[in-house]
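The values are calculated or read from the model by the stated rules, or taken from the named source; none is laboratory data. Because the structure is a prediction, the values reported are computed rather than measured. Here the Cβ is made from the backbone with ideal geometry for all residues, glycine too, and neighbour counts use every protein chain on show. Side chains are part of the model used for accessible areas, which takes the heavy atoms of the whole protein and leaves out ligands, DNA and RNA. Shrake-Rupley method; radii C 1.70, N 1.55, O 1.52, S 1.80 Å.
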Amino acid sequence: MAERAKVVMTAMLPGAARRVLEAEHEVVAPAAGTMSHADLAAAVGDADGLVCLLRDPVDAALLARAPRLKVVANYAVGFNNVDLAAATARGVVVTNTPDVLTDATADLTFALLLAAARRVPEGDAMVRAGAFHGWEPELLLGADVYGRTLGIAGLGRIGRAVARRARGFDMRVLYSDPAPAPAEVERELGATRVGKDELLGSCDFLTLHCPLTPATHHYLGAAELARMSAGAYLVNTARGPLVDEEALAAALAAGRLAGAALDVFEREPAVHPGLLASPRVVLAPHAGSATVAARRRMAELCVGSVMDVLAGRRPRHVVNPEVYR
């Protein structure tokens, strides 16, 4: 493209990726923080490219305001915030950022699992409050992780990375996924595919790694939580609406589950009051990919995708490939 295109970025991104983009195109971005949806709607009218966050709804109405738009680069692996059908109908390429945040998110998943099982936040709060008065045999007893059963809902990139970490703890790994993993992957991970009901009733720890779709919304509701093993733990670093927070709060209050660790929330950034009040819930601020290296690589992928499309090249990570047919 001979002339400089206009690219809207809804937030300042880590690293030098923005400067690379600015060298060839006009970039419109907030000086600090994130762009409001109203400001985004006003900015996209003459935009050729958009780099957005998973919190930005890129729906049919927004796309209709952007007749020149050629590419939406979503700064995330998931893309449930983008109306793919509307984008494809308009010939807009949609991309995401897989692979570069897999290990960072798997690390946090296991950190949260361990923190919930061993009651790390409760211990931290106790020490800081001056309530630790010395070692006692029954002080903050938690659950063993080593040798227990880990259930993984969704054995994609991140689910597989979590399974690899579980092998270091000699955990039995079960997984549920609409499509079975290749036999060699199951052998490598020591993972056995089971149905959803068996997964829920057989694991000591359940971790969610499935995408958010209409079919997986409230993947765990009251009925599913009731089928989980008594005293089990839930970890969610995928998408908040996979879990019915009202039902989860009730299950925890009733003692049905031993604990939960959540990095994402159903109505993010709001968190259900029952979860906030529970000492057995570990809460993180959607930080699965929050390492310096991962977030910089995500920015580089987004910028690279935008520059590819604007130069007439096909980017690496297209989530609506039918736009090229």
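Observations on the structure shown:
- Test set (1) open to solvent by 50 Å² or more (accessible area, probe 1.4 Å); (2) under 21 Å from the mean Cα position of the chain (by Cα) - Val20 fails condition number: (2)
- Some residue of region 105-119 being surrounded by fewer than 20 Cβ atoms within 10 Å (Cβ to Cβ) and among the polar types (S, T, N, Q): no
- Test: residue in region 169-183 that is more than 21 Å from the chain's Cα centre (by Cα) and without any contact (Cβ under 8 Å) to a residue 12 or more places away in the chain: yes
- Qualifying residue in region 149-156 (condition: more than 18 Å from Leu262 (Cα to Cα) and among the small types (Gly, Ala, Ser)): yes
- Asp99 fulfils the conditions (1) in a loop (DSSP other than H, G, I, E, B); (2) without any contact (Cβ under 8 Å) to a residue 24 or more places away in the chain; (3) closer than 28 Å to Gly159 by Cβ except for a single criterion, (2).
- Pairs linking a residue in region 281-301 that is within 18 Å of Asn96 (Cα to Cα) and open to solvent by 60 Å² or more (accessible area, probe 1.4 Å) to a residue that is at pLDDT 95 or above and part of a loop (DSSP other than H, G, I, E, B), with Cβ atoms under 7 Å and 6 or more positions apart or on different chains, are Arg295/Ser289; Arg297/Val100.
- Meets criteria (modelled with pLDDT of 95 or more, within 27 Å of Glu26 (Cα to Cα) and open to solvent by less than 10 Å² (accessible area, probe 1.4 Å)) for Val100: no
- Looking across region 60-78, the residues that are of a type in the set (Val, Ile, Thr) and either open to solvent by less than 10 Å² (accessible area, probe 1.4 Å) or out of contact with any Leu (no Cβ under 9 Å at 6 or more places or on another chain) (or both) come down to Val71, Val72.
- Taken over region 184-207, the criterion of being of a type in the set (A, V, I, L, M), in contact with a helix residue (DSSP H, G or I) (Cβ under 8 Å, 6 or more places away or on another chain), in contact (Cβ under 8 Å) with a residue 24 or more places away in the chain and under 22 Å from Val145 (Cα atoms) is satisfied by Leu189, Ala191, Leu200, Leu206.
- Evaluated against (1) over 21 Å from Ala104 (Cα atoms); (2) in contact (Cβ under 8 Å) with a residue 60 or more places away in the chain, Arg267 falls short on exactly one condition, (2).
- For region 120-132, the set of residues classified as open to solvent by 70 Å² or more (accessible area, probe 1.4 Å) and in contact (Cβ under 8 Å) with a residue 40 or more places away in the chain consists of Val120 only.
- Residue in region 249-256 that is within 20 Å of the chain's Cα centre (by Cα), farther than 16 Å from Gly288 by Cα and touching a residue at least 12 places away in the same chain (Cβ under 8 Å) present: no
- Taken over region 1-60, residues that are of a type in the set (Lys, Arg) and modelled with pLDDT of 95 or more amount to 1.
- Pick from region 166-210, criterion open to solvent by 40 Å² or more (accessible area, probe 1.4 Å) and among the hydrophobic types (A, V, I, L, M, F, W, C), ranking: farthest from Asp263 (Cα to Cα): Ala183
- The residue pairs whose first member lies in region 208-219 and is at pLDDT 95 or above and of a type in the set (Phe, Trp, Tyr), whose second member is open to solvent by 30 Å² or more (accessible area, probe 1.4 Å) and not in a loop (DSSP other than H, G, I, E, B), and whose beta carbons are closer than 9 Å, counting only pairs six or more residues apart or on different chains, are Tyr219/Lys196.
- Some residue of region 23-37 being within 22 Å of Val319 (Cα to Cα), more than 21 Å from the chain's Cα centre (by Cα) and either without any contact (Cβ under 8 Å) to a residue 40 or more places away in the chain or surrounded by 17 or more Cβ atoms within 10 Å (Cβ to Cβ) (or both): no
- Going through (1) modelled with pLDDT of 95 or more; (2) touching a strand residue (DSSP E or B) at 6+ places or on another chain (Cβ under 8 Å); (3) hydrophobic (A, V, I, L, M, F, W, C); (4) not in a strand (DSSP E or B) one by one, Ala73 falls short only on (4).
- Meets criteria (in contact with a Pro (Cβ under 7 Å, 6 or more places away or on another chain), modelled with pLDDT of 95 or more, open to solvent by less than 60 Å² (accessible area, probe 1.4 Å) and not aliphatic (A, V, I, L, M)) for Asn81: yes
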